[in-house]
Structures are given as structure tokens and as C-alpha cells.
1. Sort 93-106, 11-24 for me by packing, meaning the mean count of neighbouring Cβ atoms within 10 Å per residue, highest on top.
2. Kirkwood Rh over Cα pairs of the chain into Stokes-Einstein at 37 °C, 0.692 mPa s: D in µm²/s?
3. Report the relative contact order of the chain, percent, no decimals, based on alpha-carbon pairs under 8 angstrom and at least 6 residues apart.
4. Using a basic spin-label model with each label point 7 Å from the Cα along Cα→Cβ, how many nm lie between residue 11 and residue 91?
5. By average Cβ neighbour count within 10 Å, what is the ranking of 43-55, 78-90, 61-73 from highest down?
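Only the coordinates and a few stated rules stand behind these numbers; no lab work does. If you're wondering where the values come from, they're calculated on a predicted model, not measured in any experiment. Note that we place each Cβ from the backbone using ideal geometry, even for glycine, and neighbour counts take in every protein chain shown.
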């Protein structure tokens, strides 16, 4: 085998190895991103209204049967408002923020009669 052919084979082998390594690194990285953010928000119906729960890796981490930051135990009046606040709390968790809700944040996201 002459020197030119040998260089071509080495070069092709190098390209195949680099391509395979890049592929496996990409697949490994994308799998880590999927598993790192395996949160979910689900709503549930209660006797008087709605609530939400947040889970991570199918383990419940927050159960919120009542509207947060209100005095007393008042459930969400509808599924849409429970989901909206649940998704907002989840966004705070994903951003490493305090998941607590203030009355201002509540008012900015949903319109509820608090009486």
C-alpha cells in the first residue's frame, strides 16, 4: 500500500471516529436535558373548585388545593386559573426562584373575585 492511500484511509478513519463521537456526545447531552427538566403541572377538581400539583420525575413536590397568598382556604374557581398559576410557579422553580406567589403576581395573572 502506498503512502497516499494510507493517508486517505487514516483520514477517513479519523472522520468516522470524530463523527461517531460527536453523535454520541450530542445524544448524551440531549438526554440529560430531557431528564433534567421532567417537571409537570396537573390540575385537580376539589369539592368547591380547583387546585394544582407540581411533580418532578413523577414525584409530587407541591400540592396547592387553594389560591396561594389569600387568607383562608379558597380554591381556584376554574381549571384555567389553577393551571395558569401552577405554570407560573413552575417557571419560578425552573429559574431557581422562590416559588411563593405574591398578591401582585396573582392579580397580574388571573382575575378572581376574592370575596
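1. With the highest mean Cβ count within 10 Å placed first, the list reads 93-106, 11-24.
2. Values: Rh = 17.7 Å.
In µm²/s, the coefficient is 186.
3. Relative CO of the chain lands at 18 percent.
4. 5.2
5. Top of the packing list down: 78-90, 43-55, 61-73.
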